[in-house]
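Let me begin by presenting the structure, written as structure tokens, before commenting on it.
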Amino acid sequence: MAKPPTVEDVARVAGVSRQTVSNVLNSPEIVRDETRERVKQAIADLAYRPHAAARRLRTRRSSTIGIHLDPYSGGISGVILDRFVHALTERASERGMRVLIYSARSADEEIERLGDLVDGAEVDAVVVTGTFFGDPRTGWLLERDVPFVSFGRPWGGDDVYRSAHTWVDVDGAAGTRAATRQALSNAGPRVGFFGWPTGSGTGDDRERESVAVGAHLAAADAGRRSLPVIGFDNTPVAEALGISSIEQSPELVAAAVLDLLMGTTGHVVAPRDRGAAPEHVLVEPRLIVR
């Protein structure tokens, strides 16, 4: 069996020093473009793969993104988050990053868990999910200067678009507008709404129709199977029952999260080093008519 290529082999083929190869792997921005490309070509030609464990110990970089996952309780939220985490894992792998899933039963417990992960250099960055009014996690991460992006806007601020941190969310209001237009054009001016209680950030933003299945079944029981019902989330149940729905596209959310987290450098950047105001992305959902 052939011996795996080493850093020294890469240096020899590229005509550079061992330190230059190390710089290309760990701090590529300090290496001249021409030299960096030559080293990258040698790495590709030799199929060289750095020893991940040794690299983590040396650089204190884990190439890992941490994300909290609530205990599965079924329902729509579980389906959407599952798709998001799956997409995030796939796309992070394409960028040379891994995803570490951790659990916590409360925000305080999650902060404690994050402290262990950050102090132990087990994660380089964090994706926060399930943001809520007065969320203490984002403030803790900012104070510790931990790179992070939240899937969910900072509910409760005076102006979420001038937030202290970077976030990605689904534009629920746009989805609701599309659903309303569809209902008006096909069922006339009498459009009803079933949604979350007042005070729910997500519900207030888009008046999410989370009980579309119930409405559809109630209409069927009343002998009005033709009554148009448009849901939000496009779950497998909605597809099976033939209910029109708004598709959140968590795969697009995952791509946007990674774009904001890693930028064009290919490395996660701490909040204080960004040099610009925090950014946000609203992913526009699409209406699927059945």
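The values are calculated or read from the model by the stated rules, or taken from the named source; none is laboratory data. Everything quoted here is computed from the prediction, not taken from an experiment. When we count neighbours, we look across all protein chains shown, and the Cβ atoms used for this are built from the backbone with ideal geometry, even at glycine. The area values use the complete protein model at the heavy-atom level, side chains included, leaving out ligands, DNA and RNA. Shrake-Rupley method; radii C 1.70, N 1.55, O 1.52, S 1.80 Å.
What to note about this one:
- Filtered residues of segment 103-139 (kept if of a type outside the set (D, E), in a loop (DSSP other than H, G, I, E, B) and open to solvent by less than 50 Å² (accessible area, probe 1.4 Å)): A104, G120, A121, V123, T131
- Within segment 271-290, residues that are farther than 14 Å from F232 by Cα reach partners that are exposed (fewer than 12 other Cβ atoms within 10 Å of the Cβ) and at pLDDT below 75 with beta carbons closer than 9 Å, at six or more positions or on different chains, in the pairs A277/R162; P278/R162; H280/Y161.
- The condition (being in a strand (DSSP E or B) and open to solvent by 30 Å² or more (accessible area, probe 1.4 Å)) is satisfied by just one residue among L142, L100: L100.
- Criterion violated by W155 - all others in (1) open to solvent by 30 Å² or more (accessible area, probe 1.4 Å); (2) closer than 30 Å to R49 by Cβ; (3) not basic (K, R) satisfied: (2)
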